[in-house]
């Protein structure tokens, strides 16, 4: 344990996701050795994120204006909306260059253990985007875990009630994976999602 400002910095850094006590300590000592201008750039970047970045009024993605760059892009396919849990999921999908539609960020997944139900998510906003009839498919891209599956099931039922077809991202074995290391759920999903060749 250190005293004063150093320990305070270590404590704050260790609150960041994926940063444990040892990593927090290494980062704190790195920052202590850094030039003042490096620290000023870091401080400016942190302040800018808190003051400039907001959520897109349409989809909930991160943006520095009322609309994100994806919602502003007229070249996107406006008949398909991909529903994700968090804004960072959009970046993972965009890196594939396999999807050119719009997005909708829920802001999480249904998780009764943490007190998160459908009303805490941006589901009403999604349903309001479907009222004009221009959307012909909603792709549900929630995480393949218990909460993501519960959210996907709930969304599929909601979409049936407004007559918008829903699809779910395929789940199964990763490319380059070995069968012997696959867990039962992943292998079972791979069998359920098999297709003819």
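The values are calculated or read from the model by the stated rules, or taken from the named source; none is laboratory data. Since the model is a prediction, treat every value here as computed from it, not as a measurement. So basically every Cβ, Gly included, is an ideal-geometry build from the backbone, and we count neighbours across all protein chains shown.
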Those helices (runs of 4 or more DSSP H) lying entirely in segment 121-197 with at least 1 residues within 17 Å of residue 90 (Cβ to Cβ) and at pLDDT 90 or above: 123-129, 146-161
Right, residue 27: touching a residue at least 12 places away in the same chain (Cβ under 8 Å) and in a loop (DSSP other than H, G, I, E, B) or not? no
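Residues in segment 78-87: is at least one assigned to a helix (DSSP H, G or I) and outside the structural domain of residue 111 (by TED's automatic domain parsing)?
no
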Being in contact with a strand residue (DSSP E or B) (Cβ under 8 Å, 6 or more places away or on another chain) and in contact (Cβ under 8 Å) with a residue 60 or more places away in the chain: is that true of residue 169 here? no
For residue 40, are the conditions met, namely being under 26 Å from the mean Cα position of the chain (by Cα), exposed (fewer than 13 other Cβ atoms within 10 Å of the Cβ) and over 30 Å from residue 126 (Cα atoms)? no
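Please pick out the residue among 39, 6 that is touching a residue at least 12 places away in the same chain (Cβ under 8 Å) and touching a helix residue (DSSP H, G or I) at 6+ places or on another chain (Cβ under 8 Å).
Result: 6 is the single residue among 39, 6 that is touching a residue at least 12 places away in the same chain (Cβ under 8 Å) and touching a helix residue (DSSP H, G or I) at 6+ places or on another chain (Cβ under 8 Å).
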